[in-house]
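To start, the structure itself, in structure tokens.
Every number in this text was worked out from the coordinates using simple rules, so none of it is lab data. This structure is a prediction, so every number in the text was calculated from the model and none was measured. In this analysis, Cβ positions are derived from the backbone assuming ideal geometry, glycine residues included, and neighbour counts consider all displayed protein chains.
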Amino acid sequence: MRNWLAGLFVVVGAAILVACLPGGDDALPSATAVVATPLPQLRLANVESIKINQILTFPVEVNVIARGYLPNACAVIDQIRQERDGSDFNIVIESLHQGDASCGEDRIPFEETIMLDVLGLPAGIYVVDLNGLRGTFKLMTENIADPENAVVSGQLWHDVCLADPDEVDPAITTETGCIDRGGGLLSANGLRDAGELGLGGVIVNLGAGHCPSTGLATTISDGNGVYLFGGLQSGSYCVSIDSEGTQNSPILFSGEWTLPPSGSLAEVNTELLLGESKLNVNFGWQYKQLPTYLPREDPCTDKALFITDVTVPDGSEIAARETFTKTWQLRNIGSCSWDEEYSLVFVEGDLLTGPDTLPVSQVVNPGDDIQFSVLLSAPVDPGRYQGAWKLRNPKGVLFGIGPGSDREFWVQIVVVE
């Protein structure tokens, strides 16, 4: 009897359930298709160029601007990691990718600015590696604020007047970076205008007391034209640049100073208080033989590609006082041919008793390779040393490697006892 009743309840319950379904007795719920969403993937971001900037403060601030492309509209920059190992900064930018067809195929440009932790670092040359792209910067003194010691710093730049000498019109001076010197003569304005480049590799002198005075210290402007003297006591100082000096004349040829206005010798008196940082002692140089108007067509361009370190790769151990030959192999990827009017130029870091300049010994046509060799000597004291080099064209313009043709190539050794 119990089994019969239980069976009756099952039949009635099933009938009620079917009756409640949409569409009556014949309709059953259809299965919903489940589409798998691709999991996001973390990859190295596609960085195409980096630019290292030193901000004229003290202590110095340094940042790296990375530019590149994301593969589509769904990809995003996910994380930026930075670590330092000695004088090497290693930065990794990763992007998160969503493999959805609806994201499209148009590349999306990106730009990231990364501040480097340089506070308290000693003077020296530092290497930045960001997703495989490398660059360097130089700290000219220990990067820590010292209430007892003063700093004087500034920038040397190419001051340009863009007015066409055949169309002299005082009304255009504001837009072209020119000033009217009277008598229909125009000159660069002595101001650092947008697009005007720093002049690297120039020797800057410091003397005690009022100008003229030298002999206290010398330094070399970096690739951005920046120089710095640190560890100074309060008092009077003279900062000067002699354009006719042995190392300066190949760079500062046939021109004049626009800041301060003078001939071949530029001198600036400066007074420093205890612990003061004076960062605006600047120098502007105008070339006479370079075009003073905006060129309508550049006949050719200077670009170089680093191929390999033929000898003495980075980090090679060299015995103290040992003489060695460093050889780089470069390729001319510009449209100008390099001849004896081009030269290899030391720009910053450790010279290692090498030459300041070395002329190109052969004609290097676009697409050709050349090996540059310099005879150097290891210092007496153990440690890490690095010297940065560039090329210089007949107009005195420095150029190098990398996407912007503005990066140095270098020799880097570790001196052992």
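Calculate the FRET efficiency for Leu96 and Gln329 from the Cβ-Cβ distance with a Förster distance of 45 Å, rounded to the nearest 0.05.
On the way: r = 38 Å, r/R0 = 0.85.
Given R0 = 45 Å and the Cβ-Cβ separation, E is 0.70.
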Quick one: 3J(HN,Hα) in Hz for segment 134-149, Karplus 6.51/-1.76/1.60 with θ = phi - 60°, rounded, Gly and Pro as x.
10, x, 10, 9, 10, 9, 7, 8, 4, 8, 9, 5, 10, x, 8, 10
From the phi angles alone, apply the Karplus equation (6.51, -1.76, 1.60; θ = phi - 60°) to segment 269-277 and give each ³J(HN,Hα) in whole Hz, x where the residue is Gly or Pro.
7, 9, 10, 10, 8, 4, x, 7, 10
Over every pair of different alpha-carbon atoms in segment 41-139, take the mean of 1/r and invert it; report that Kirkwood radius in Å.
14.5 Å
For segment 304-416, alpha-carbon Rg and Dmax in angstrom:
14.0, 43
Restricting to Cα atoms and excluding each atom paired with itself, what does the Kirkwood estimate give for segment 182-230 in Å?
13.3 Å
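Sort 75-83, 42-50, 185-193 by the packing proxy (mean of other Cβ within 10 Å over each peptide's residues), most packed first.
Numbers: 75-83: 14.2, 42-50: 16.3, 185-193: 18.2.
Going from most to least packed, we get 185-193, 42-50, 75-83.
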Rounded to whole Å, sorted largest first: equivalent-ellipsoid semi-axes of segment 150-287, Cα gyration tensor:
29, 15, 13
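Expressed as a rounded percentage, what relative contact order does segment 52-130 have, with Cα pairs under 8 Å and six or more residues apart?
Values: 129 pairs, mean separation 31.0, N = 79.
Once divided by the residue count of segment 52-130, the mean separation gives 39 percent.
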Quick one: what are the phi-derived ³J(HN,Hα) couplings along segment 335-349, Karplus 6.51/-1.76/1.60 with θ = phi - 60°, whole Hz, x for glycine and proline?
10, 9, 7, 8, 10, 5, 7, 8, 8, 8, 10, 6, 10, 6, x
For the residue pair Ser262 and Asp180, what label-to-label distance in nm results when each label sits 7 Å from Cα along the Cα-to-beta-carbon direction?
2.9 nm
Under 5 Å from the placed amide H of Gly354, counting only residues 5+ away or on other chains, we find Ser377
Once you put a point 7 Å from the Cα of Ile80 and another 7 Å from the Cα of Glu111, both along the Cβ direction, what distance in nm separates them?
1.3 nm
